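The values are calculated or read from the model by the stated rules, or taken from the named source; none is laboratory data. Computed from a prediction, not measured in an experiment: that's the story for all the values here. Every residue, glycine as well, gets a Cβ built from its backbone with ideal geometry; the counts of neighbours run over all protein chains shown. For the accessible areas, the whole protein counts, side chains as well, though only heavy atoms, and no ligand, DNA or RNA atoms are used. Shrake-Rupley method; radii C 1.70, N 1.55, O 1.52, S 1.80 Å.
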Amino acid sequence: MKTLHIVGYKNSGKTTLLERWISVVKAKGLTVAALKHHGHGGQIELPSANTDTSRFFDKGADATLVAGGGSAQLLLNNEPSFGALKALVTYDSPDVLLIEGYKDERGAKVVLVRSCEDWDTLQELEGVQLVIGEVAHSEYSIIKDRGDSMQLDNWFTDWLNKEDHYETI
């Protein structure tokens, strides 16, 4: 399974890039899972309080799973470790796992920067494969224009095709 973290500060374009690259993976006929770190503080947005699932969750169920119509939703009343979350999201052995955030966890990373100040604090991360944004200098590959879809997709496709970035769980 190929695993890649997309990291950067708030409003740096992580979600947009992740959405784009999910489409690239699917266009290649591969399976993809996504894991996102909710770094905005507070609880994540839950389903409507009127659903049975929310009622079970509100009463203290440690885990609630609802399935039907070709999809499933799992709610946990605690936040599992990063490793446990990876195991949950990759239960069906996808070809690719794209992770938004978790910058301090081990793994290959694409770093989005909005300014030189962002890069000053993010350049020490381990596993950096690509930097997207304006940086003065870097030992890593750089794409300065985050709007250059062709260059971004070409880099990602090349990364997907490399055999040396596989990670096993």
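Beta carbons closer than 7 Å, at least 6 apart along the sequence or on distinct chains, pair a first residue in region 76-87 that is of a type in the set (G, A, S) with a second that is open to solvent by 30 Å² or more (accessible area, probe 1.4 Å) for A87/I169.
Condition check: charged (D, E, K, R) and surrounded by 17 or more Cβ atoms within 10 Å (Cβ to Cβ). Does K162 satisfy that?
Working: charged (D, E, K, R): yes; surrounded by 17 or more Cβ atoms within 10 Å (Cβ to Cβ): no.
Answer is no for this residue.
In region 4-13, the count of residues that are among the aliphatic types (A, V, I, L, M), without any contact (Cβ under 8 Å) to a residue 60 or more places away in the chain and touching a helix residue (DSSP H, G or I) at 6+ places or on another chain (Cβ under 7 Å) is zero.
Somewhere in region 56-68, is a residue surrounded by fewer than 11 Cβ atoms within 10 Å (Cβ to Cβ), more than 20 Å from H38 (Cα to Cα), touching a strand residue (DSSP E or B) at 6+ places or on another chain (Cβ under 9 Å) and not acidic (D, E)? Yes, region 56-68 contains a residue that is surrounded by fewer than 11 Cβ atoms within 10 Å (Cβ to Cβ), more than 20 Å from H38 (Cα to Cα), touching a strand residue (DSSP E or B) at 6+ places or on another chain (Cβ under 9 Å) and not acidic (D, E). For N77, indicate whether it is open to solvent by 50 Å² or more (accessible area, probe 1.4 Å) and closer than 23 Å to V128 by Cβ. It is false that N77 is open to solvent by 50 Å² or more (accessible area, probe 1.4 Å) and closer than 23 Å to V128 by Cβ. Screening region 80-125 for residues that are in a helix (DSSP H, G or I) and charged (D, E, K, R) and picking the one that is most open to solvent (accessible area, probe 1.4 Å) gives E117. Residues that are farther than 25 Å from K26 by Cβ and of a type in the set (S, T, Y) were ranked within region 84-142; the one that is modelled with the lowest pLDDT is S138. Screening the candidates A72, A67, A49 for the property of being modelled with pLDDT under 95, part of a loop (DSSP other than H, G, I, E, B) and over 21 Å from G101 (Cα atoms) yields one hit, A49. Tallying residues that are open to solvent by less than 40 Å² (accessible area, probe 1.4 Å), assigned to a loop (DSSP other than H, G, I, E, B) and either closer than 21 Å to K36 by Cα or small (G, A, S) (or both) within region 126-156 yields 3. Being open to solvent by less than 70 Å² (accessible area, probe 1.4 Å), in contact (Cβ under 8 Å) with a residue 12 or more places away in the chain, in contact with a Leu (Cβ under 6 Å, 6 or more places away or on another chain) and more than 22 Å from L130 (Cβ to Cβ) is the requirement here; does A34 meet it? So A34 does not fit the description; no.
In the set R55, R20, only one residue is farther than 30 Å from I143 by Cβ and among the basic types (K, R); that residue is R55.
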